[in-house]
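Since the structure comes first, as structure tokens, the remarks are kept for the end.
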Amino acid sequence: MEFTAKQIAQFIQGSIEGDENVTINTFAKIEEGVPGAISFLSNPKYTHYIYETKSSVVLVDETLILDKPVEATIIRVANARDCVAKLLQMYDAAMRPKKNGIDSLAFISSKAQIGKDVYIGAFACIGDGAVIGDGCQIYPNTVIGDNVKLGNDCIMYPNVTVYMGCKLGNRVTIHSGSVIGADGFGFAPNGKDGYDKIPQIGIVTIEDDVEIGANTCVDRSTMGSTVIRRGVKLDNLIQIGHNVEVGENTVMSAQVGIAGSTKVGQWCMFGGQVGITGHIEIGDKVFLGAKSGVIGNLKSNQALIGTPPMSKLSYFKSQALIQKLPEIYKELADLKKEVAELKKQK
Amino acid sequence: MEFTAKQIAQFIQGSIEGDENVTINTFAKIEEGVPGAISFLSNPKYTHYIYETKSSVVLVDETLILDKPVEATIIRVANARDCVAKLLQMYDAAMRPKKNGIDSLAFISSKAQIGKDVYIGAFACIGDGAVIGDGCQIYPNTVIGDNVKLGNDCIMYPNVTVYMGCKLGNRVTIHSGSVIGADGFGFAPNGKDGYDKIPQIGIVTIEDDVEIGANTCVDRSTMGSTVIRRGVKLDNLIQIGHNVEVGENTVMSAQVGIAGSTKVGQWCMFGGQVGITGHIEIGDKVFLGAKSGVIGNLKSNQALIGTPPMSKLSYFKSQALIQKLPEIYKELADLKKEVAELKKQK
Amino acid sequence: MEFTAKQIAQFIQGSIEGDENVTINTFAKIEEGVPGAISFLSNPKYTHYIYETKSSVVLVDETLILDKPVEATIIRVANARDCVAKLLQMYDAAMRPKKNGIDSLAFISSKAQIGKDVYIGAFACIGDGAVIGDGCQIYPNTVIGDNVKLGNDCIMYPNVTVYMGCKLGNRVTIHSGSVIGADGFGFAPNGKDGYDKIPQIGIVTIEDDVEIGANTCVDRSTMGSTVIRRGVKLDNLIQIGHNVEVGENTVMSAQVGIAGSTKVGQWCMFGGQVGITGHIEIGDKVFLGAKSGVIGNLKSNQALIGTPPMSKLSYFKSQALIQKLPEIYKELADLKKEVAELKKQK
């Protein structure tokens, strides 16, 4: 896809300065500009880059004052940041066109209900009693189990698995390799030679506007439902144990693990590789730094890091002192000698 | 599925107190009861919940003495806990009926041997020379490689991959996305421009009654076999490196990683995100707290946590003192000044 | 497969001592030898094992001097280590024959270009505009998205997903369950009721001779490309965030996570479960011990471990002292009392 500066300016209703026939075919950060790219400038701190960028076109706020000539073609708009978001969405839609139709190589149970304007790719499987809402896109090789319910406009990328009975809301996106509704990890010693499996008869409920990354696991509950509330965003390779509830708009980075029956509040943010034990409660707006380990309840409105989690200030002070421990230990030994000497001199 | 209290009482041979026609369609914990649910009461600590639960039916031990009226219908049985397990299994079997037959959309090599009463779903692949035991259930889109051997009554959920040559015992359950027998991670610098791959010609052997969660990886060995012994339970997103041996009935929580050639004993329990280095030995009945990091052999019969692993008592003491390090450091500095002062005064 | 000592000696041009008709059918380490196995001896430290090994054949350097009789058949060659690598490759090729031909159950878009000598297994999907180089092997149930480009001789094991537009070089191997090019994790608060998705319009570029383990995720970039340079080896369950660049011949163990926009140099080696924050630079030849957490730039040519990473010596000293903290704390308290006493006595 290639556009002229003029075409873009028309689309976003901006005014051009410079060569309006220059063509662009990609996006780039202003500091990493290449010929053929469009960049944007919004943060005044980066203004100096506009004089040296190699991008062909730069989108700027109409109020920007330039005090040197600029090689790139300039397009002025009311709000450069918003316009670039609009262009990105347009580009994304062009690159990833909404697929349509049901591939003749898909398997769809005769007992499934399929909505309007649905895409179901080759080798996708839709089980008995499954309900697929309008506008859903089910990519190839994805398996939607028996009695699963998908709302409208869900996107299931290739090789996703949703186990029987799980309920997904509207506009839920799940990336490849993720597994929704596998059995929770429940076994009881049988007192003889091993473990008995505790049946996991619950489901997973995912509310509207949730996005789940690749190779993430959300386990079905023992009874009732594991719940992922509206607006939650989970990155890749995350583990959500059985009976967990994740509150609205909470965001977790890759490789986080939440053990069974824990309740996480709203608007939390967890860094990568955080681990949270089972059967506890995390409040709302709790921010946890990467690799934190949580073993007890946490109140709302805190930013913590470490194992156990503490304030950032305490954490970084303690971390620095851990490296000084050999020195501290030596000083303590020296001091003991000195005090012993003083006592002897008495 | 809906049952009356009377039907349930008959099934589990219990005696009813209260409305025998009330219907139930789900399970709930007694403290989270809802109308239409059945709960159970076994732990005397929870007895007070029976007077306020909203569950329609509560299963109790026949010896329970009630000192107030109860709204729910009561079913008395010899052992409420055992009965609920029986009911859960019945419910699970109804929700997840044993699938039967070979889907016409599956691919089965003409050189594969398929047992009796086997289910093979759409788009599942069974390779050349594979042997599938009686009663196995292979869900859609699962790939069983060439010369793989599955015992009887194995369950492979959708999108599982078992690489060529691996040997699985009886009643092995593997959840979606797990990968058994991918190449161990072995590369040797070639002294020039990169690495040469060390061929991984071994296999994975999984013994009877093993259950493996979703998106877990068990690598094939360089030579010989990576071995998962009888009764082992692995949660989701676990890494088992090449040539590892995991002893009988050992249980690992999600996101544990075991590096190559390490030998883990029997009846161990590892918390989430534990990491164990390669080429070491872990004894029997070793319990490791979440996030522990192990870099050396561990003897049997220990409960440890941390990096390196220590007793729980030491760990929590040390963790608490890490947070006090700034205070310790300041006290030490103050003390140094005082001692210097004392020496000057001499 | 079974060979006589004589056949093997001929194949690797070695000279035999002992029974040339003994047959072998597997490989074993010399210290774990079993009848029917071939072992090798290269490291002089292990020489003593040759007198007690149960392997039927041992491959040794021609210069080896034996001072006792040996039960196994000996084959002498110029370089035992190189010969065993050659034998392993031969065995691997026999066990894992190069598959050929396009299965009639594969789905290949009429707009895709397929090279010569390609294998495409059952239920594999090749999207519109995809280009598959000569000699590629695409195993069953793998999905190659629209406009993806694979160089020559790539191996995609079963259940791999490569998203639209990604570019892979020659001899790239990807194991089962890995996901290349899922959306980077980018969301911006919309100031109202949740988050807006930031379109992820970039791709993933993987250069020649890269091997990626099972269930690993490499996210597509927001703009431009996430880049995995020539010769990189990634183990299982690794997370590579959007816009990351991994330098040539860098090797990462299982469960490592690299957050977005971080640049990793060449010839680095990261242990298991390492976590690296976003937007930083790691130099060349940086070795990080398992579980390390990195939150700032790291210069080239360092071996570090811990959070934050420090030298191995500092790390192990500090770790040992952390366990001594209760003792240190007590000594400090005792010393305070003694000093107070001394002052009082003044």
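The values are calculated or read from the model by the stated rules, or taken from the named source; none is laboratory data. All of these numbers come straight from a predicted model, not from anything done at the bench. For neighbour counting, all protein chains shown are included, and Cβ atoms are generated from backbone atoms with ideal geometry for every residue, glycine included. The accessibility values were calculated without ligands, DNA or RNA, using every heavy atom of the protein model including side chains. Shrake-Rupley method; radii C 1.70, N 1.55, O 1.52, S 1.80 Å.
Which ³J(HN,Hα) values, rounded to whole Hz and listed in residue order, are derived for region B:290-307 from phi using the Karplus coefficients 6.51, -1.76 and 1.60 in 6.51 cos²θ - 1.76 cosθ + 1.60 with θ = phi - 60°, glycine and proline given as x?
My calculation for region B:290-307 gives 3, 6, 4, x, 10, 10, x, 4, 10, 6, 5, 6, 9, 10, 10, 7, x, 10 Hz in order.
Skipping prolines and chain starts, which residues have an amide H placed within reach, meaning under 5 Å, of the one on residue B:123, given they are 5 or more residues away or on another chain?
Sorted by chain and number, the residues that satisfy this are B:105, B:106, B:107, B:141.
Please give the net charge around residue C:324, taking every other residue with its beta carbon less than 15 angstrom from that of residue C:324, where Lys and Arg add +1 and Asp and Glu add -1.
Taking every other residue near residue C:324 into account, the sum is +2.
If you roll a 1.4 Å probe over region B:158-308 with all protein chains in place, what percent of the accessible area is carbon or sulfur?
Solvent-exposed carbon and sulfur of region B:158-308 make up 51 percent of the total.
Post the alpha-carbon centroid distance, region C:1-61 to region A:36-69, in whole angstrom.
Answer, in whole Å: 69.
Do you know the relative contact order of chain A, to the nearest whole percent, from alpha carbon pairs under 8 angstrom that are 6+ apart?
Value for chain A: 6 percent.
How high is the relative contact order of region A:3-95, in percent, counting Cα pairs under 8 Å that sit 6 or more residues apart?
Reported as a whole number, the value is 27 percent.
Compute the signed sum of charges (Lys and Arg +1, Asp and Glu -1) over the other residues within less than 13 Å, Cβ to Cβ, of residue A:295.
+1
Which ³J(HN,Hα) values in Hz, rounded to whole numbers, follow from the phi angles of region A:151-167 under the Karplus curve 6.51 cos²θ - 1.76 cosθ + 1.60, where θ = phi - 60° and Gly and Pro get x?
After applying 6.51 cos²θ - 1.76 cosθ + 1.60, I find x, 8, 6, 7, 10, 10, 5, x, 6, 7, 10, 10, 6, 3, x, 6, 10 Hz.
Report the local net charge at residue C:21: Lys and Arg +1, Asp and Glu -1, summed over other residues whose C-beta lies under 14 Å from its C-beta.
Its environment carries a net charge of -3.
Under the classification rounded if a/c is under 1.5, otherwise prolate if a/b is larger than b/c and oblate if not, where does chain B fall, given a ≥ b ≥ c as square roots of the Cα gyration tensor eigenvalues?
oblate
Whole-Hz ³J(HN,Hα) for each residue in region A:261-277, computed from phi via Karplus 6.51 cos²θ - 1.76 cosθ + 1.60 with θ = phi - 60°, x for glycine and proline: what do you get?
Using θ = phi - 60°, the values come out as 6, 7, 10, 9, x, 8, 6, 7, 9, 10, x, x, 6, 5, x, 10, 6 Hz.
Is the C-alpha gyration tensor of region B:3-95 telling us rounded, prolate or oblate? Criteria: a/c under 1.5 is rounded; beyond that, a/b larger than b/c is prolate, otherwise oblate.
rounded
List the distances, in nm to one decimal, from the label point of residue B:115 to the label points of the same position in every other copy, shortest first, placing each label point 7 Å from Cα along the Cα-to-Cβ direction.
4.2, 4.2
Rounded, prolate or oblate for the protein assembly as shown? Axes are the square roots of the Cα gyration tensor eigenvalues, ordered a ≥ b ≥ c, and the cut-off for rounded is a/c under 1.5.
rounded
What are the residues whose amide H is under 5 Å from the amide H of residue B:294, where those residues sit 5 or more places off or on another chain and H is modelled from the backbone?
B:275, B:276, B:277
Write out the chymotrypsin sites (Phe, Trp or Tyr not before Pro) in region A:131-192 meeting two conditions: DSSP loop, and at most 13 other Cβ atoms within 10 Å of their Cβ.
Of the chymotrypsin sites (Phe, Trp or Tyr not before Pro), not one in the loops of region A:131-192 has a Cβ with at most 13 other Cβ atoms within 10 Å.
Cross-link list A:45/A:68; A:291/C:330; A:291/C:324: which exceed 21 angstrom alpha carbon to alpha carbon? The partial results should precede the final answer.
Values: A:45/A:68 16 Å; A:291/C:330 30 Å; A:291/C:324 24 Å.
From A:45/A:68; A:291/C:330; A:291/C:324, over 21 Å: A:291/C:330; A:291/C:324.
In Å², rounded to the nearest 100, what is the total accessible surface buried by chains A and C against each other with a 1.4 Å probe?
Numbers: alone 19010 and 18990 Å², together 32960 Å².
Using a 1.4 Å probe, the pair buries roughly 5000 Å².
State, to one decimal in nm, how far the label point of residue B:100 lies from the label point of residue B:113, with both points 7 Å from Cα in the Cβ direction.
2.5
Would you grab the residues whose amide H sits under 5 Å from the one on residue C:268? Only those 5+ places off in sequence or on another chain, please, with H modelled 1.01 Å from N.
C:250, C:251, C:285, C:286
Under the rule of -39500 (n - 2.57) per DSSP H run of 4 or more residues, summed and divided by the residues of chain C, what mean residue ellipticity at 222 nm is obtained, to the nearest 500 deg cm²/dmol? Before the final figure, lay out the partial values.
Numbers: 3 runs with 58 residues, N = 346.
Taking each H run of at least 4 residues, the total per residue is -5500 deg cm²/dmol.
Gap in Å between the Cα centre of region A:114-140 and the Cα centre of region C:180-233?
Their Cα centres are 26 Å away from one another.
What residue among B:312, B:330, B:291 has the largest mean-square fluctuation in a Gaussian network model of chain B, using Cα springs under 10 Å?
B:330
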